[in-house]
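A short write-up of the structure that comes next.
The values are calculated or read from the model by the stated rules, or taken from the named source; none is laboratory data. Keep in mind that this is a model prediction, so the values were computed, not measured. Don't worry about glycine lacking a Cβ; one is built from the backbone with ideal geometry, like all the others, and counts go over all protein chains shown. We work out accessible area using only protein heavy atoms, side chains counted, and drop any ligands, DNA or RNA first. Shrake-Rupley method; radii C 1.70, N 1.55, O 1.52, S 1.80 Å.
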Amino acid sequence: MRAFTYERARTPQAASHATLPAGAKFIAGGTNLLDLMKLDIERPTHLVDLGDLNLRAITGTRDGGLHVGALVTNTELASHPRVKTEYGVLSRAILAGASGQIRNKATTGGNLLQRARCPYFYDTNLPCNKREPGSGCAALTGLSRPLAVIGTSDACIAQHPSDMAVALRVLDATVNTVRPDGRERALTLDGLYRLPGDTPHLETTLEPGELITGVTLPPPVAGTHVYRKVRDRASYAFALVSVAAILNGKAARFAFGGVAPRPWRVEEAEGVSVDTAPGRRASAVIDRAFEGARPTAQNAFKLPLLRGTLTAVLESAHGGQA
């Protein structure tokens, strides 16, 4: 690990200012950043510790929603009484990710900003446009089985790793930020995450020094909340595919994980074929939501796997009747 300087910020705006110089980075739970520093992938020259900031509360909003501070840990969020009962898809998605030890340290803001899990991003002996812009993408001709099938480019096919973010997308959550000059913003998940295009090293629309201060959940959405994750082993593995769903009669919301550079949701697909059997409806939803998909030969299986997973979600909501 390379040498770096360190400070503890006292206010969000002070933290934001402190990371304006090139090479400075925020650190909260550190569950991803420290690993990347040990691998010489992240090379910060200055770390700004957010641990003293007053961003650890979960509070109700005036319209009946919830505001979640950026430093609320994944364990605290998943176990909050209102999240468990009114935002079940979020609680289930968080518990489907990582391990108990990591969830105890990982924060809400950090979870949103975790880096890609593409094997070539972590292998510093091979080219990766996300790690070294302009170096190439080894995944295009190498191992691509776990990677994205839509929203990709010729420069990058890495998938977004967060389970929590998929649930936040189906809930229409917004991400709250503060910039060094004190101005605040509220971003949708689609507004936060960039698609790779020709600049896959730029993963979000956050400006230099802009700090995530929290996440706002709108009032609860009635219906059955489901998060179903398919992975290579039963625990401590990233999703091959995942489905976050809220089902309420003919009304439905779907977001998908493990398949795109950001949580993938196409609202226009959610109302198709609502009067058909779960299997046919799932196929219609996936066909619409994944129009333009560009899977590789190694990960083309993800599209039929998504159909099967969504079919199972719909069948479970219909008492197991196909």
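Numbers at a glance
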read-out	value
Residues of the stretch 154-203 satisfying the condition of being within 22 Å of Gly97 (Cβ to Cβ), hydrophobic (A, V, I, L, M, F, W, C) and touching a Cys at 6+ places or on another chain (Cβ under 9 Å)	Ile157, Ala158
Among (1) closer than 28 Å to Cys128 by Cα; (2) assigned to a strand (DSSP E or B), the one test that Leu195 misses	(2)
Among residues of the stretch 96-133, those that are free of Cβ contacts under 8 Å to residues at least 40 places away in the same chain and outside any loop (DSSP other than H, G, I, E, B), counted	7
Top-ranked residue in the stretch 222-265 [being aromatic (Phe, Trp, Tyr) and open to solvent by 60 Å² or more (accessible area, probe 1.4 Å); ranked as nearest to Arg169 (Cα to Cα)]	Phe238
Per-region count, the stretch 25-40, residues among the β-branched types (Val, Ile, Thr) and touching a Gly at 6+ places or on another chain (Cβ under 8 Å)	1
Scope the stretch 19-43; condition open to solvent by less than 70 Å² (accessible area, probe 1.4 Å), part of a loop (DSSP other than H, G, I, E, B) and farther than 14 Å from Pro208 by Cα; matching residues	Ala28, Gly29, Gly30, Thr31, Asn32, Asp40, Ile41, Glu42
Residues (open to solvent by 10 Å² or more (accessible area, probe 1.4 Å) and either in a strand (DSSP E or B) or in contact with a Phe, Trp or Tyr (Cβ under 6 Å, 6 or more places away or on another chain) (or both)) located in the stretch 51-95	Ile58, Thr59, Gly60, His67, Thr73, Arg92
Filtered residue count, the stretch 152-202, keeping only those that are more than 30 Å from Ala138 (Cα to Cα) and either open to solvent by 40 Å² or more (accessible area, probe 1.4 Å) or among the hydroxyl-bearing types (Ser, Thr, Tyr) (or both)	9
The one condition in (1) closer than 16 Å to Thr213 by Cβ; (2) in contact with a His (Cβ under 6 Å, 6 or more places away or on another chain) that Val89 fails to fulfil	(1)
First in the stretch 293-304 and more than 19 Å from Asp154 (Cα to Cα), second anywhere and open to solvent by less than 70 Å² (accessible area, probe 1.4 Å) and part of a helix (DSSP H, G or I), Cβ under 9 Å, 6 or more apart	Leu303/Ile286; Pro304/Ile286
Which listed residue is free of Cβ contacts under 8 Å to residues at least 40 places away in the same chain and over 15 Å from the mean Cα position of the chain (by Cα), from Arg179, Arg185	Arg185
Which numbered condition Arg280 misses (of (1) closer than 25 Å to Ala139 by Cα; (2) more than 20 Å from the chain's Cα centre (by Cα); (3) of a type outside the set (A, V, I, L, M, F, W, C))	(1)
Selection count, the stretch 14-64, where residues are in contact (Cβ under 8 Å) with a residue 40 or more places away in the chain, out of contact with any strand residue (DSSP E or B) (no Cβ under 7 Å at 6 or more places or on another chain) and farther than 30 Å from Tyr120 by Cα	4
Any hit, the stretch 166-176, residues being farther than 17 Å from Pro295 by Cβ, without any contact (Cβ under 8 Å) to a residue 40 or more places away in the chain and not in a loop (DSSP other than H, G, I, E, B)	no
